[in-house]
Every structure is written in structure tokens, then in C-alpha cells.
Amino acid sequence: MNIFLNEVGRNKLTPKQILTDPVLFLAFGFGSGLAKKAPGTFGTVAGIPLYLLIAQTDLLVYSLLTLLATVVGIWICDVAAKKLGEHDFGGIVWDEIAGLLITMWAVPPTWQNVGLGFVLFRFFDIVKPWPIKWADRKVQGGFGIMLDDVLAGVFAAILLWALRSWL
């Protein structure tokens, strides 16, 4: 049983093409977006080691790296969508990685915080309350691919900070 996609997007790219193209490799979250089921969840999981790595830096560096991942992510996702011939293909998960980094902004890297941040981000990314759903439907291109996950990350971060202050 193969848990990975055999071909990707309308242009029917192969996993090898995804993994050997630097932009697609990043867009597919280091390959995690090739999962047949729940690629967004696998992409978010792929973001955890990146979070744990940059969480060791000071807040300014973390903030700049998260901003860089988000801004460059607009370009990465736009190029990937064009190469795939399909807007916001589920396997494009760089937006989930950036969304997780936003969720975890200024949060100590404990396993409890990572678990709670992961669950909150996935909740907002899947349920898409307003204005996340509006952004997902109305904004196109790389900016549109990134925007709903940035908003989900902001919503999750606010709730994570609130929950942490109560616990």
C-alpha cells in the first residue's frame, strides 16, 4: 500500500520531479505534502523540527525568520501552483509550515506548547472561520495560498497565548 501520491497536479508531475526541484521540494514541505491523506497535517508536522530549531534563537531572529518564511512562501506557493497547473493543490504545504511558525511565535518550545499549538493551528486551518474562509475563497495566487494559513496561525497564536496564561 502506497501512502504517497503517484502523480501530482493537473500537469501530472512525479514525486521525483517534486523532490528534485528546489522550489517544489520546499512547497511540498520537504516531501510531506506528497501524502495521499491529510497532506496539510503532514506538512504541519514537518514544520515542527523547523520551529524547534529556530525557537532556540532570540525573539527578533525568530520573528525575522518567520516573516521571511511567510514572504518567500508567497513566491514559493505561486511558482509551485503554476508548475502543477493547479491553484492551491493540497500537497502545497509551505503555507502550513509558515502558519505553524506564526502560531508558535513567542511561545517556549515545550512539548505541551507544540502539541497545543499544532492542534489549534490545524483546527483553524481546517474549520476556516471568517475571515479565513473568505481569504481562502477570494484571494488567488501565492498570496492567496499563504493568506488563509497566516490568518489561521494568527487566530491559533492568540488562543494559544490566552490558554497559556490560564494554565
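Throughout, read-outs are computed from the coordinates displayed, never taken from laboratory work. Because the structure is a prediction, the values reported are computed rather than measured. No Cβ is skipped: glycine too gets one built from the backbone with ideal geometry, and neighbour counts run over all protein chains shown.
Tabulated values for the structure
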| quantity | calculated |
| --- | --- |
| Answer label, with Rg/Rh (Cα atoms, Kirkwood Rh) calculated from the coordinates and candidates (1) 0.95; (2) 0.97; (3) 1.00 | (2) |
| Neighbour-count order for Val93, Val8, Val79, fewest beta carbons within 10 angstrom listed first | Val79, Val8, Val93 |
| Sum of -39500 (n - 2.57) over DSSP H runs of 4+, divided by residues of the chain (222 nm, nearest 500) | -22000 deg cm²/dmol |
| 12 Å beta-carbon shell around Ala38, net charge (K/R +1, D/E -1) | +1 |
| Under the span-like rule (Cα at least 20 Å along the axis, Kyte-Doolittle mean at least 0.5), DSSP H helices of the chain | 39-54, 59-84, 111-127, 141-166 |
| Charge dipole magnitude, Cβ of K and R +1, D and E -1 - the stretch 16-167, Cα centre, debye nearest 20 | 300 debye |
| Pairwise label distance in nanometres, Ile158 with Arg10, each label 7 Å out on the Cα-Cβ vector | 3.5 nm |
